[in-house]
Structures are given as C-alpha cells and as structure tokens.
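Below: one structure, written as structure tokens.
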Amino acid sequence: MQRISKLAILLLAFVLVIYYLALNTEGGQDFLLSRGTAAANQPPAPLSDGLHVYVCGSAAPLPAPGRAQACIAVLTPEHYFIVDVGSGSVNNLGLGRLPAERLDGVLLSHFHSDHIADLPTINVIAWASGHEGPLKVYGPPGIGQVVDGFNTALTHDRQYRTEHHGADLLPPASGIMEPVEHPLEATLEFGELTITSFAADHSPVEPAVSYRFDYKGRSVVITGDTVVTDQLRSMVDDADLLVTDALSLPIVDALHTAVSSAGNDRFAKILVDIQDYHAHVADVAELTRSTNVGTTALYHLVPGPRNRLMENIFKREFTDNMVLTHDRMWFELPAGSDEINITD
Ligand SMILES: [Zn+2]
Ligand SMILES: [Zn+2]
C-alpha cells in the first residue's frame, strides 16, 4: 500500500514537472503550439443532413460578459445564412469555424445597431476567405441605405487590402456588399431550403421582420426583435424550433429601481421604453404552452444574464421545452426525424 502511494506521488511529481516545462520553456511552448494549431486547422467534419442552428450572439445592447449581440446562423449541407450580425458575433462565427467562403447571405431583421454592427467585419472575413462575388445582404425596405453606407465606409479598407494582397486574391468587386431588398412578407427559395419573411412587431421600429427556415420537413423561426403576435403564433405552431428575443421583467424592473435611486434618469427612462417592444419571458412561455412548437430557445436576452442567479430568474416561467441560449450553442435538427440535438 505504502509502495503504491509513493509511486502515485512520484507519478504526480513527474506530470507536474512535464506540465511546468511544457508551459514555461520555449521548446515546450513550440511543441504545444504546433500540436494545437494543427488540430485547430483540420477541416471540419461535413454537416449531417438537416438544419443546423448556431448561436453567434445571444445578447442585447446591455453589456453582458461572454455574449455577443444578436446573431443566429442557419446551415444545411448546401446553404449557410446568418440572421443579424450584432457586435462581437463574427468572432463567434470564427470560433465555431463556420465557412465564411460559402456564406449565401446575411438576413437583417431590422436596422437597430445591435443587429448590424458586425456587417463590415463579416464582409471582410468572407472576402478574405475567398467568397465568390459580393456578399448578399437581405432585408426589408431600407436595406439599400444600410448596405451602401457600410460599403462607403469600407472604401479605404478595400483599397488597402487589394493593394497589399493583390487583386487576384482580393478582387475589389467582391468586397462590395450587395443589398437585396424584399417585402415584409416574402418567400425566398434556395434549392430545398425555403426562407419565409413575415412582419414582426417591434413598434415604433419599422420595418422589422422575422424569418422562418424550412428544409426537408424541419423548421426554425428566428424572430429578431418583436413582441408575441398572432402571426408569430401561427408561424411557430408547427415549427420544430423557435429562437426568440426575450426580456426578463423581474430583472429589468430591479435594474430600473437601482438606476433610479442612483439618480441615473436617462438609463431609467430607457429601461422603461424597451419593455414595450421585446417579448417578455412570460409571453414566450405562454406562446410555447399554447402552440405545438417543439422547442423554444431564448436569445437577444434583455439583459444578458451575468451569473447563475440571473439565469435562474430568466427561467422562472420556463416549460420543459424552453432553453436559455448562450453564445456558440448548436441546435441540430436532423432531416427525417423529430429530434433536436443541443450541443453546449
Ligand atoms: Zn431592435
Ligand atoms: Zn435588438
């Protein structure tokens, strides 16, 4: 027995020495770095047949550690779209190793800054990754002005990068985004993938839309910013997955009380104003209970929870099929089944 414990201590000491040398000597560091970079740059496994939904941003404008602003990516083996691209979300797309070179388009639900801020970043990443032709940016009326504005702001950037890397690698024409306007109610067909746009109620913000994706019998609805409407109810009634914005009234109320007593009247007013144009968790729970939606996932969290306490308050009214998202979460909806596989 004594011999075994001595051996265990020796083994532990040996592992600690190796660990120390690996992290604190140039040779050890170079070894670990080459192994790590090689592993991280293996081609990703091909996607299984079905809908794949990736949370590239789960937060609203209120600061939240570890959470980017609104962004949801939807992929099939043939197609790749992003709904909204808020600040910090392109970092999550890169960490998730999503294929920027085959991004079919960015869909903008509306033009609040927390949904569009990373548009120039995703455009440059797609361009540098070898995206064929301009990146398409879909959205309701007004999309042209938004995209043209970013294209203008990136004029110098395009010039620098083409001069530095050469026009063969970075053809200037492919670095200019192409706006694609669609009406509030629209059906966009891409092979077996259908994207349906429908009106959201984010009043007084207009236009605002939500998007539904249908592929081989599987479906996901992504709301952007809205309150619960009859149209949303009918669009999610037979959907597998609803990804919806959500506001926690108990947390926003507590914040309002705190900032009011601290004399911050500006923020206090904003905390009141935002309550009428986002779906409250209680309304999302009622929608989930009263429809046949498979799973409801909350994102664009107002405010993004900072700890377990806030997460638990968000979940107070949850039903069994409701999920609080965090950044870099995956939902897999395999074709030909009813399953939804969630990877944290
Ligand atoms: Zn908004
Ligand atoms: Zn928003």
statement: Highest mean packing first, using Cβ neighbours within 10 angstrom, the peptides 109-120, 134-145 sort as 109-120, 134-145
task: Putting +1 on Lys and Arg Cβ atoms and -1 on Asp and Glu Cβ atoms, find which of 282, 310, 73 reaches farthest to the positive end of the dipole of the chain.
output: 310
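Looking at the chain, do any whole DSSP H helices span at least 20 angstrom along their long axis by alpha carbon and average -0.5 or above on Kyte-Doolittle, and which? Numbers along the way, then the final one.
Values: long enough: 2-24 (33 Å, 1.65); 26-40 (21 Å, -0.13).
Within the chain the helices that satisfy the rule are 2-24, 26-40.
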Value of relative contact order over the range 1-116, rounded to a whole percent, pairs C-alpha under 8 Å and six or more apart: 18 percent
- prompt: Rounded to whole Å and sorted largest first, what semi-axes of the equivalent ellipsoid does the C-alpha gyration tensor of the chain yield via the square root of 5 times each eigenvalue?
  reply: 35, 29, 23
message: What's the ranking of 37-44, 5-12 by average number of surrounding C-beta atoms within 10 Å, highest first?
response: 5-12, 37-44
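For the pair residue 136 and residue 319, what calculated FRET efficiency results from E = 1/(1 + (r/R0)^6), where r is the Cβ-Cβ distance and R0 = 35 Å, to the nearest 0.05? Intermediate values should be presented prior to the final figure.
Numbers: r = 37 Å, r/R0 = 1.06.
Efficiency, rounded to the nearest 0.05: 0.40.
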task: Please order 314, 14 by the number of other Cβ within 10 Å, starting at the fewest.
output: 14, 314
- request: Would you mind getting me the FRET efficiency between residue 169 and residue 102? Use the beta-carbon distance for r and R0 = 22 Å, nearest 0.05.
  value: 0.80
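Going by how many other beta carbons lie within 10 Å of each one, how would you line up 213, 267, 318, fewest first?
Working: 213 29, 267 14, 318 17.
Ascending number of Cβ neighbours within 10 Å: 267, 318, 213.
Which value, in debye to the nearest 20, gives the size of the charge dipole of the chain about its Cα centre, when Lys and Arg are +1 and Asp and Glu are -1 at the Cβ?
1580 debye
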field: Length gained when the stretch residue 29-residue 337 is fully extended (0.36 nm per residue, less Cα-Cα span)
entry: 106.3 nm
Most fluctuating residue given options 216, 269, 315, as computed from a GNM of the chain linking Cα atoms under 10 Å: 269
- request: Give the relative contact order (percent, whole number) for the range 49-343; include only Cα pairs under 8 Å separated by 6+ residues.
  value: 20 percent
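What net charge do the residues around residue 89 carry, taking every other residue with its C-beta under 12 Å from that of residue 89, with Lys and Arg at +1 and Asp and Glu at -1?
On the way: positive: 67, 328; negative: 84, 114, 118, 327.
Its environment carries a net charge of -2.
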- prompt: For the chain, modelled as a Gaussian network with Cα springs under 10 Å, which listed residue fluctuates most, 260, 34, 58?
  reply: 34
- request: Pull up the DSSP beta bridges for the chain and report the antiparallel fraction as a percent, rounded to 5.
  value: 60 percent
query: Gaussian network model of the chain, Cα springs within a sub-10 Å range: biggest mean-square fluctuation belongs to which of 228, 124, 205?
result: 205
- prompt: Taking other Cβ within 10 Å of each residue's Cβ, how do 330, 127 sort, fewest first?
  reply: 330, 127
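Express in nm, to one decimal, how much length is gained between residue 145 and residue 258 on full extension, taking 0.36 nm for each residue of separation and deducting their alpha carbon distance.
Details: separation 113, 0.36 × 113 = 40.68 nm, distance 3.88 nm.
Value of the extension gain: 36.8 nm.
With +1 on the Cβ of every Lys and Arg and -1 on the Cβ of every Asp and Glu, and nothing else charged, how large is the dipole of the range 237-344 about its Cα centre, in debye rounded to the nearest 20?
On the way: 8 positive and 18 negative charges, 133 e Å.
So the dipole magnitude of the range 237-344 works out to roughly 640 debye.
Hey, what number do you get for the chain at 222 nm if only DSSP H runs of n ≥ 4 count, each worth -39500 (n - 2.57), divided across all residues, to the nearest 500? Don't skip to the answer; put the middle values down first.
Details: 12 runs with 127 residues, N = 344.
Value at 222 nm, helices only: -11000 deg cm²/dmol.
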- prompt: In nm, what is the difference between 0.36 nm times the number of residues separating residue 129 and residue 306 and their Cα-Cα distance?
  reply: 60.3 nm
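Read-outs throughout are calculated quantities, based only on the coordinates presented, and are distinct from any laboratory measurement. As the structure is a prediction and not an experimental result, all values here were calculated from the model. When we count neighbours, we look across all protein chains shown, and the Cβ atoms used for this are built from the backbone with ideal geometry, even at glycine.
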